[in-house]
Amino acid sequence: MFRKKEKKMDVIDDGRTVSNMNVDGFSWYQSKKTIKRKQKLMDLNLLPKERWAIIKGAYLAYLPVFLFILGGFVVTYLLFYVWAVTR
């Protein structure tokens with residue numbers, strides 16, 4: 001009438017890979033080229049201060065280009081505004 005509960009088997013992780021989940025198209029996919037590039041960056045042993053200095057330098061290098069494009073949008077907007085008001 002009453003069934004005995006089956007004892008659950010304990011799963012022990014031995015570190016083996018059952019299936020490689022690094023599949024092209026998945027969001028976590030990393031190619032061998034990407035892995036090598038990340039490893040090369042890790043081998044640099046940059047301090048956080050140095051890393052932020054590099055990031056800041058990159059932003060400062062792109063700042064003139066960004067301002068030029070932003071200025072182009074502003075000039076275009078002003079030309080359309082003047083054209084619309086004078087009609």
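The values are calculated or read from the model by the stated rules, or taken from the named source; none is laboratory data. Note that the structure is predicted; figures quoted are calculated from it, not measured. So basically every Cβ, Gly included, is an ideal-geometry build from the backbone, and we count neighbours across all protein chains shown.
Observations, loosely collected:
- Of the residues in the stretch 31-42, none is surrounded by fewer than 10 Cβ atoms within 10 Å (Cβ to Cβ), out of contact with any Ser or Thr (no Cβ under 8 Å at 6 or more places or on another chain) and β-branched (Val, Ile, Thr).
- Pairing each residue of the stretch 3-25 that is closer than 17 Å to residue 35 by Cβ with any residue that is modelled with pLDDT of 80 or more and of a type outside the set (D, E, K, R), provided the two are 6+ apart or on different chains, yields C-beta distances under 7 Å for 22/29; 22/30; 23/29.
- Hey, residue 66 aromatic (Phe, Trp, Tyr) and either in contact (Cβ under 8 Å) with a residue 40 or more places away in the chain or surrounded by 10 or more Cβ atoms within 10 Å (Cβ to Cβ) (or both) or not: yes
- Selection status of residue 13, more than 20 Å from the chain's Cα centre (by Cα) and in a loop (DSSP other than H, G, I, E, B): yes
- Looking at 78, 46, just one residue is surrounded by 10 or more Cβ atoms within 10 Å (Cβ to Cβ), among the aliphatic types (A, V, I, L, M) and part of a helix (DSSP H, G or I), and that residue is 78.
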